[in-house]
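The values are calculated or read from the model by the stated rules, or taken from the named source; none is laboratory data. Because the structure is a prediction, the values reported are computed rather than measured. A quick note on method: Cβ atoms are made from the backbone with ideal geometry, for glycine too, and the neighbour counts reach across all protein chains shown.
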Amino acid sequence: MLWNDLCSEYDAENFCKYLEKCGLQFSPAFKSFEGAWRRDEYNHYLGFLRIYSRLYDEPEVEVAKRLEHRNADFKPIDKFLKDEFTIALLLAYDEIATAKAYSQDYELYASFEDPNYLKWIKLVTRDESIHFTNLTRLINQKYPDRLPEVPQLVNQFIEWDLEGGEYKGTFVLDHEGGDYFTPEFLHSCGRIINHALDPEKPKTLIPNIARG
């Protein structure tokens, strides 16, 4: 679990580098979001790196080397990376799933000897919730005409995860493991997104998805 979380946070850099080279033009609003999001995700990576190093007694530099030797391949998911709207929605799906997953790990972090671990994962969960909120606001404001597409696209994301699409260092669609990312879990994420982006019911408040 911890290794997967560490890898995913590290892979945010892979995602940003892909966006830099993909040839798409992004709006100032999206670029502003991405800059803040990228800093947050890198800080999350550093935190997970420190915790992993301490728990498994492996030097941080050695763990970092293992992460660097993994390859990222975006080709299998390029159908979800066609434009800013779809990319923002895909990120929103990832952020809501991550926030819910991290909130379910509070008991685990509370079992560690250092109480700061629990405090830290709660702050990370808060960050992911804020990312989700900012993404849904961006989509609502910039793409109101495309909101009817949301349910079908979200179902495609969920199908990818449930059908075992292999994760290849892309940051998004990293929800492997049926015992954890169950159909019920992923569909609950879909319902939250659909609620936040319902064209018939404009939302000013996003449901609280993090416990504690």
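Quick notes on this structure:
- Among residues of region 41-89 being over 18 Å from E149 (Cβ atoms) and aromatic (F, W, Y), the one that is surrounded by the fewest Cβ atoms within 10 Å (Cβ to Cβ) is Y56.
- Considering (1) over 26 Å from L123 (Cα atoms); (2) in contact (Cβ under 8 Å) with a residue 12 or more places away in the chain; (3) of a type in the set (D, E, K, R), the lone condition that K75 does not fulfil carries the number (2).
- Which listed residue is at pLDDT 95 or above and within 14 Å of the chain's Cα centre (by Cα), from T125, T170: T125
- Against the list (1) under 22 Å from S129 (Cα atoms); (2) exposed (fewer than 15 other Cβ atoms within 10 Å of the Cβ), the condition C16 fails is (2).
- Any chance I77 is assigned to a helix (DSSP H, G or I) and modelled with pLDDT under 95: yes
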